[in-house]
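A.B. asks: Pasting in a structure now, in structure tokens, and then I'll have a few things to ask.
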Amino acid sequence: MTSAGTDPDPLEPYRDAEKVHGSGFETTLWASERTQRLRFDVLIGMIGPESIQGKVLIDLGCGDGALAAHLAEVGLQPRRYIGVDGLLAQVRAGEERGYEWTDFVCSDLLASPSSLGRFGADVALLSGTLNTMSVPQSRALVAQAFDSVRDALAFNFLSDRPTQARVGASTGPAIRQDVVSWIDYALGLTPLVAFRQDHLEGHDGAITLRHETTT
């Protein structure tokens, strides 16, 4: 989907990959399964296992359900996991994993982000989902996703402040985004913000947003 006919369709690189690889890891366009799992662990650690166990989690841009599989491997089980992805083949691959506590939905996240509240999620995770989105697309989705959950949201993106070893490295179709402006934007949504980018030589930024609670 494009935004107002001006931004590129962020799903296009994944559709192209699907034509070559079908469903599965290769179509996520991650460099390796090891770093994919590391990114999951960082987001889980930031949002807190206690915010996932027994809660309703929505995985936006879920691909083939790799996060659900990783949660099972590390012994975390949400009360309900909802994976949403724009590619039907990936959604079906997620369903084929066979976890009883999961549901998968094929939907373009940018087509109707305001409808995310219908899932009644406590927390949302986005891993790699923003990689091919423009800044306006990314920020609109993060804001709508945060508004749709009761507790917290965690997401990652490619940082424009990597270590020197990573400067100039190819990112494929993924787009580096301004770290400082992301933190500023996040703080405009809530004062309860956490940030990390020490896990992949500064290549990857991760942010968690939490809703304020009344006492």
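The values are calculated or read from the model by the stated rules, or taken from the named source; none is laboratory data. Quantities reported herein were computed from a predicted structural model and do not represent experimental measurements. Backbone-built Cβ (ideal geometry, glycine too); neighbour counts: all protein chains shown.
A.B. asks: Residues to consider are 111, 174; find the one that is in contact with a Leu (Cβ under 7 Å, 6 or more places away or on another chain), among the small types (Gly, Ala, Ser), modelled with pLDDT under 95 and closer than 15 Å to residue 11 by Cβ. Give the steps one after another, and end with the answer.
C.D. replies: Values: 111 fails: in contact with a Leu (Cβ under 7 Å, 6 or more places away or on another chain).
Answer to the check: 174.
A.B. asks: Residue pairs, Cβ under 7 Å, 6 or more apart or interchain, first in the range 16-35 and in contact (Cβ under 8 Å) with a residue 12 or more places away in the chain, second loosely packed, with under 15 Cβ neighbours inside 10 Å and acidic (Asp, Glu). List them.
C.D. replies: Between residues of the range 16-35 that are in contact (Cβ under 8 Å) with a residue 12 or more places away in the chain and residues that are loosely packed, with under 15 Cβ neighbours inside 10 Å and acidic (Asp, Glu), the close pairs are 17/26; 25/33.
A.B. asks: From (1) aliphatic (A, V, I, L, M); (2) at pLDDT below 95; (3) within 20 Å of residue 133 (Cα to Cα), pick out the condition that doesn't hold for residue 58.
C.D. replies: Checking residue 58 against (1) aliphatic (A, V, I, L, M); (2) at pLDDT below 95; (3) within 20 Å of residue 133 (Cα to Cα), the one that fails is (2).
A.B. asks: Just to be sure I understand the filter: pairs with C-beta atoms under 8 Å, separated by 6 or more residues or on different chains, first member in the range 112-129 and without any contact (Cβ under 8 Å) to a residue 40 or more places away in the chain and small (Gly, Ala, Ser), second member surrounded by fewer than 20 Cβ atoms within 10 Å (Cβ to Cβ) and assigned to a helix (DSSP H, G or I). Which pairs pass?
C.D. replies: 114/144; 117/147
A.B. asks: So, one more: Which residue out of 103, 108 is among the acidic types (Asp, Glu) and either touching a helix residue (DSSP H, G or I) at 6+ places or on another chain (Cβ under 7 Å) or assigned to a loop (DSSP other than H, G, I, E, B) (or both)? Spell out how you get there, then give the answer.
C.D. replies: Details: 103 fails: either touching a helix residue (DSSP H, G or I) at 6+ places or on another chain (Cβ under 7 Å) or assigned to a loop (DSSP other than H, G, I, E, B) (or both).
Going through 103, 108 in turn, the sole match is 108.
A.B. asks: Could you tell me which of the residues 85, 64 is more than 19 Å from residue 159 (Cα to Cα) and touching a strand residue (DSSP E or B) at 6+ places or on another chain (Cβ under 7 Å)? Break it down into steps so the answer makes sense when it comes.
C.D. replies: Working: 64 fails: touching a strand residue (DSSP E or B) at 6+ places or on another chain (Cβ under 7 Å).
Result: 85 is the single residue among 85, 64 that is more than 19 Å from residue 159 (Cα to Cα) and touching a strand residue (DSSP E or B) at 6+ places or on another chain (Cβ under 7 Å).
A.B. asks: Give me a count of the residues in the range 155-171 that are surrounded by 18 or more Cβ atoms within 10 Å (Cβ to Cβ) and within 22 Å of residue 8 (Cβ to Cβ). Even if it seems obvious, please write down each step before you answer.
C.D. replies: Looking only at the range 155-171, we keep the residues that are surrounded by 18 or more Cβ atoms within 10 Å (Cβ to Cβ), and these are 155-159, 162.
Pick out the ones that are also within 22 Å of residue 8 (Cβ to Cβ) and you get 155-159.
Total satisfying the criteria: 5.
A.B. asks: Does residue 80 count as more than 15 Å from the chain's Cα centre (by Cα), buried (at least 16 other Cβ atoms within 10 Å of the Cβ) and not small (Gly, Ala, Ser)? Working first, answer last.
C.D. replies: Values: more than 15 Å from the chain's Cα centre (by Cα): yes; buried (at least 16 other Cβ atoms within 10 Å of the Cβ): yes; not small (Gly, Ala, Ser): yes.
Yes: the conditions hold for residue 80.
A.B. asks: Also, I was wondering about something else. Report yes if some residue within the range 115-132 is over 25 Å from residue 81 (Cα atoms) and surrounded by fewer than 19 Cβ atoms within 10 Å (Cβ to Cβ); otherwise report no.
C.D. replies: No, every residue in the range 115-132 fails to be over 25 Å from residue 81 (Cα atoms) and surrounded by fewer than 19 Cβ atoms within 10 Å (Cβ to Cβ).
A.B. asks: Condition first: under 19 Å from residue 120 (Cα atoms) and either under 14 Å from the mean Cα position of the chain (by Cα) or part of a loop (DSSP other than H, G, I, E, B) (or both). Now tell me which residues in the range 49-66 satisfy that.
C.D. replies: Hits for the range 49-66 are 52, 53, 54, 55, 57, 58, 59, 60, 61, 62.
A.B. asks: Please name all residue pairs, on different chains or six or more residues apart, with Cβ atoms under 7 Å, provided the first residue is in the range 191-209 and is in contact (Cβ under 8 Å) with a residue 40 or more places away in the chain and under 23 Å from residue 146 (Cβ atoms) and the second residue is crowded, with 17+ Cβ neighbours inside 10 Å and of a type in the set (Ser, Thr, Tyr).
C.D. replies: Taking only residues 6 or more apart or on different chains, the pairs are 194/208; 204/159; 205/159.
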